Structures are given as C-alpha cells and as structure tokens.
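Asks: This structure is in structure tokens; I'll ask about it shortly.
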Amino acid sequence: MRTPTLLGLSALTAAVLAIGLAGCAGDAKPDGGTSSKPSDVPAAVSCTPSGSASDAVTVSGGLGATPKVTFAAPDTTTITQRTTVITGKGPALAQGDTAKVYFSLYSGTKGDLITSTGYGAQGSLTPLPVDEKQLLPGLAATLRCATVGSRVVGVIAPADAFGAEGSTTANVDPNETLIFVVDVMAGPTVPVAWTDNVPTVTFDGKIPTVTLPKTAPPTELLLKVLTAGTGKTVTASDKVTLDYHGVSWNTGEVFDESFTKKPITLAANQFVPGFTAAIVGQKVGTTLLVSIPPEDGYGTDPKAAPLGGQTLVFVVKIEKIG
C-alpha cells in the first residue's frame, strides 16, 4: 500500500524515517545491513521505570514548546530508563496505541542532537506507534504508560536501539545510548459515526465507486459501517489483510486502491492514525467507509507530503487477521 502507511509520512525527517524503517523491518537495519537483535520486548503491561541516567537529564519549557535539554555526556545506560518531566492528565498510552508527539532525539554518548520534529507552528506533530515491531524498542518503551499531555525522557540502552552495529542512516555509532525527549500531545483518534453528507458507494462486482457530495470536506474523523462482519475483532497490534479504495475529497480523484490488484497485509497500527482508528475494533468481513481529516492523515501542510492538507475517503474491506 503506497499511501496510507505510516512509512509514507514524509513529514518525518530522514533520520526519524530511518528509525521507523528499522523498527518495521525487524532485524533489518535502515541502511540495508543486519542489526543486532534487540533486547526482549517488555510485556504489554510493563511500564519503564526511571533511573539515575534518565533523572540526570534536565528539561525545561512548556509542553509543546521547544525544550531546553541539558545533560552531561556521556549519559549512558545498559537498561532503558524513563523519567516523567511533565505529567499529563489524559489517558495512558497502551501497547498498540498510536500517539501524536513532538520529540527531540540526542546521542547520550556524544551529547549531539540527532533529529527533532520541531515544536508548535514550526514543528511537525508526528504519529508514533507504541509497538516494538513498528518502532525501536526503547522509543516504544518510553511512550508506553505515558499519559496524554506528558513530557517524558527516555535514556535508551543500545540493545533497545541500534545495538552493536549502529546506524549510518541515523548517524548513530555502534553501542550508542540515545536520549529521547518526547511531548505526548494526543493519543489514539476515536472516529465519530458518519450520518450526514455520506458519500454514495456502489459496487461493480467487488469494485467500489465513491460519489462525493458537493459539500465542504468534513473536519472530523468519520466512520460508517457499510457491511458488518462476523469474524474476529481487529486489535491495534494485529496483522490485518484488507482491500482499500482511496479518494481525495479535495480533488475527487482516486489516489490509490487495491480492489483491482491484491489485498495488502500490514499491522493495524502501521497506517496513518485515522486509518488505524477506523479498522481497530472492527470485525473481519466488515466493509466500512471512513473520512480522514488532514491531521489524522498526512498532516495539514500540502508541501510536506503529496496528500498533505487533503481530506481522504476510504472504502475498506477487512479480509482477515494475519
């Protein structure tokens, strides 16, 4: 699937995209090599404790604003640690959730800034999955259990990052400790029932056609079940096989589809947030219609991605789990 996957988000910087690719490729390094096997993935219910290394990182500034980060390099660890700097009042992130975040990533060993999303109007609010299969284990461990509205610091052991080989793409040396400062701005998106100005969907055999109403694009994440399935329920960490048909509300054009090709199989939380929110909780066999606003798709900046700033409408048929 070329467009709605997490890896398609060009708002990510090149280095962060490389980290995402490393997580999604299992043991494959972003530069094409083979990385060391990461440490054992924590149990889904575990929360990463603080420690002397994470407590030694001083962070000042308000949530969502560029932080001032101070630590004495080398700040290293053999066990990933996490310290909460600002405690949010929102729900806690669970395994498989997708959070929308600002972050800065440093070398704990050298003290250098590796990459940052930026913050506020100059930043790029970035979706990250709380899933070691989609993200470096130490980054996922930092996010897991953090509440929405929090700023947390993770000091990530090499075994939970790029290990003994490092990453030339992310400019990380072998056995390098990383420091991950992350502002959790929002948690998983929840769709709203779509009742007004719903597009007409017709099928020629198994091939859908979507006719959009002549109204302004919806501003909410909207969902309508066209046909209810009776199979297993999709969870965020499931690998799911599905067909999709994507139309831009802004242009009226079909930008990608699989019904005339073959279904795609990906982890449910590997899609853009709105797509993931639409399929999680649905049963196998369900056909649904979802409208995804820019902030739950490819972002609000048309220059950041080919579909940036556009509201996307998908017909999705969930074929199976696995």
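Readers should treat all values here as calculations from the given coordinates under stated rules, not as data from a laboratory. What you are looking at is a predicted structure, and each value in this text was computed from that prediction instead of being measured. So basically every Cβ, Gly included, is an ideal-geometry build from the backbone, and we count neighbours across all protein chains shown.
Asks: So what are segment 64-217's ellipsoid semi-axes, whole angstrom, largest first, if each one is the square root of 5 times an eigenvalue of the alpha-carbon gyration tensor?
Replies: Semi-axis lengths for segment 64-217 are 37, 18, 15 Å.
Asks: Continuing with the same structure: Using only the alpha-carbon atoms of the chain as identical scatterers, what base-10 log of I(q)/I(0) does the Debye formula give at q = 0.07, 0.11 Å⁻¹?
Replies: Evaluating at q = 0.07, 0.11 Å⁻¹ gives log10 I(q)/I(0) of -0.28, -0.68.
Asks: Okay, moving on. Angle, helix 14-24 long axis vs. longest principal axis of the chain, Cα atoms, 0 to 90°, nearest 10?
Replies: Once rounded, one gets 80 degrees.
Asks: Now for a separate question. Full extension from Ala73 to Glu253: what is 0.36 nm times the residue separation minus their Cα-Cα distance, to one decimal in nm?
Replies: This chain segment gains 59.6 nm when fully extended.
Asks: Based on alpha-carbon centroids, what's the gap between segment 228-266 and segment 106-181 in Å, whole number please?
Replies: About 30 Å separates the Cα centre of segment 228-266 from the one of segment 106-181.
Asks: In the chain, if the dipole is taken from +1 on Lys/Arg beta carbons and -1 on Asp/Glu beta carbons about the Cα centre, which of Trp194, Gly205, Pro294 is farthest to the positive end?
Replies: Gly205
Asks: Pick from Leu307, Leu266, Leu143: which is most flexible by mean-square fluctuation in a GNM of the chain where alpha carbon atoms under 10 Å apart are linked?
Replies: Fluctuation is largest for Leu266.
Asks: While we're on this one: Need one word for segment 174-265: rounded, prolate or oblate. Basis is the Cα gyration tensor (sqrt eigenvalues a ≥ b ≥ c); a/c below 1.5 gives rounded, then a/b vs b/c decides.
Replies: It comes out prolate by the Cα gyration axes.
Asks: Suppose every K and R has +1 on its Cβ and every D and E has -1 on its Cβ; what is the size of the dipole of segment 175-322 about the Cα centre, in Debye to the nearest 20?
Replies: Charge dipole, segment 175-322, about its Cα centre: 580 debye, nearest 20.
Asks: Counting Lys and Arg as +1 and Asp and Glu as -1, each charge on the Cβ, what is the dipole of the chain about the Cα centre in debye, to the nearest 20?
Replies: 560 debye
Asks: Okay, next question. Can you pull a Stokes-Einstein diffusion coefficient for segment 48-132 at 10 °C (1.306 mPa s), Rh from Kirkwood over Cα pairs, as a whole number of µm²/s?
Replies: After rounding, the answer is 111 µm²/s.
Asks: At 37 °C and 0.692 mPa s, grab the translational diffusion coefficient of segment 193-322 from Stokes-Einstein with a Kirkwood Rh over Cα pairs, rounded to a whole number in µm² per second.
Replies: D = 223 µm²/s.
Asks: At a Förster radius of 41 Å, what calculated FRET efficiency corresponds to the Cβ-Cβ distance of Thr211 and Ala304, to the nearest 0.05?
Replies: That gives a FRET efficiency of 0.90.
Asks: Add -39500 (n - 2.57) for each DSSP H run of 4 or more in the chain, then divide by its residues: what number comes out at 222 nm, to the nearest 500 deg cm²/dmol?
Replies: -2500 deg cm²/dmol
Asks: How high is the relative contact order of segment 192-321, given as a whole-number percent (alpha carbon pairs under 8 Å, six or more residues apart)?
Replies: Relative contact order, segment 192-321: 30 percent.
Asks: Using +1 at the Cβ of each Lys and Arg and -1 at the Cβ of each Asp and Glu in the chain, identify which of Ile79, Ala268, Gly61 lies farthest towards the dipole's positive end.
Replies: Checked the options; the winner is Ala268.
Asks: Sticking with this one: Counting DSSP beta bridges with both partners in the chain, what percentage is antiparallel, nearest 5?
Replies: 95 percent
Asks: Could you give the nm distance between label points at Ala92 and Asp112, where each point is 7 Å from its Cα heading toward the beta carbon?
Replies: 3.7 nm
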